[in-house]
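Data block below; observations after.
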Amino acid sequence: MLKLDSCCKTYRVGAFGGGELLAVHDVSFEVAPGEVVSLIGESGSGKSTIGKMILRLLRVSRGTIRFEGTDISALEGRQLKEYYANVQGVFQDPFSSYNPIFKADRVFTMLRHAYFSELSASKWNAKLESSLDAVSLNPGDVLGKYPHQLSGGQLQRLLIARALLLDIRLLVADEVISMLDASTRIDVLNLLGDLKGRGLGILFITHDLSLGNYISDRTMILRRGCVVEMGATPLVFGNPLHPYTKVLLASVPQLHTKWVGIGDSARRRPDDEIGEGAGALVEIEDGHFVRSTESTTLT
């Protein structure tokens with residue numbers, strides 16, 4: 001359904017844009033209907049840049065992004081509008097998607113004017129209620145309310161409901177639960193799992209390995225704009241091949257263990273074992289690796 005082929009994104013940086021920053025380099029992957037693909041990496045690895053290129057919020061510098069075989073970079077006007085009827089995104093901070101001076105359901109009104117202007121009021125209300133029901137929201141609890149009157153979880157569900165109104169086929173979920181509390185996170189994750197069961201393709205962008213492991217069919221590990229490992233999620237998490245993936249998995253906090261201070265018995269693991277700049281590690285006597293204060297952790 002969605003195919004990225006050798007995609008690159010370069011930003012102009014420095015005084016008067018005289019320099020270049022390669023944020024994404026030769027990224028290729030596919031997303032099939034009814035499949036959840038997790039894109040995992042630390043902050044600054046290029047995850048959100050990839051999502052924005054898929055949503056046409058950023059232009060691809062090199063390479064192609066195709067949806068159902070059509071290069072999306074060539075879409076304009078009505079064709080681009082049709083593309084957005086099939087592909088939508090939900091982002092990290094739900095509050096940033098709403099204008100605080102308007103009621104939250106204005107996001108539905110704008111969508112109605114753009115895509116459903118021919119529907120009668122009764123048919124529109126029925127379609128809206130069905131969409132809200134799909135994300136476990138009671139219309140009476142959320143419609144007619146201002147953003148500050150709703151929780152982050154409710155606002156995020158409203159954005160997903162907005163996407164579902166279009167009967168979309170692909171959802172780019174960019175850190176959609178990172179600002180939600182633990183109890184709400186599992187509800188949104190289960191909602192995405194339910195949508196997957198209905199045939200929706202999902203690109204799940206996250207910095208949290210445990211969340212990616214929980215929901216995805218396939219996983220990609222991104223480092224410095226490059227995909228360093230890709231495969232079925234059980235294989236990537238159960239038998240990682242790339243040293244950087246091993247470093248990330250070793251850095252995940254464990255519920256059954258407590259933090260261990262670095263004592264005299266600890267020895268530093270050479271940086272060249274994991275690649276330049278991946279972060280210094282130390283090895284404790286039992287073979288577990290923890291990051292030193294000099295390393296860069298996932299944030």
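Since every read-out is calculated from the coordinates, none of them should be taken as a lab result. As the structure is a computational prediction, the values presented were derived from the model and not from experiment. Cβ coordinates were reconstructed from backbone atoms using ideal geometry, including for glycine residues, and neighbour counts include every protein chain displayed.
Among the GluC sites (Glu not before Pro) in segment 98-178, those located in a DSSP loop and surrounded by at most 15 other Cβ atoms within 10 Å of their own Cβ are GLU118.
Checking the Cα-Cα distances for LYS9/LYS47; LYS47/LYS81; LYS3/LYS47 against a 18 Å cut-off, the pairs over it are LYS47/LYS81. Of the GluC sites (Glu not before Pro) found in segment 1-93, the ones in coil according to DSSP and having at most 14 other Cβ atoms within 10 Å of their Cβ are GLU68, GLU76.
3J(HN,Hα) couplings calculated from phi for segment 118-133 with the Karplus curve 6.51 cos²θ - 1.76 cosθ + 1.60 (θ = phi - 60°) are, in sequence order, 7, 6, 6, 4, 5, 5, 5, 4, 5, 5, 5, 5, 5, 5, 5, 5 Hz; Gly and Pro show x.
What separates the Cα centres of segment 148-196 and segment 100-146 is a distance of 16 Å.
For LYS52, what is the net charge nearby, where nearby means another residue's Cβ is under 13 Å from its Cβ and Lys, Arg count +1, Asp, Glu -1?
Working: positive: LYS9, LYS47, ARG56, ARG59; negative: ASP174, GLU175.
Combined, the nearby Lys, Arg, Asp and Glu give +2.
The loop-placed trypsin sites (Lys or Arg not before Pro) in segment 41-95, going by DSSP, that have at most 11 neighbouring Cβ atoms within 10 Å of their Cβ come out as ARG59.
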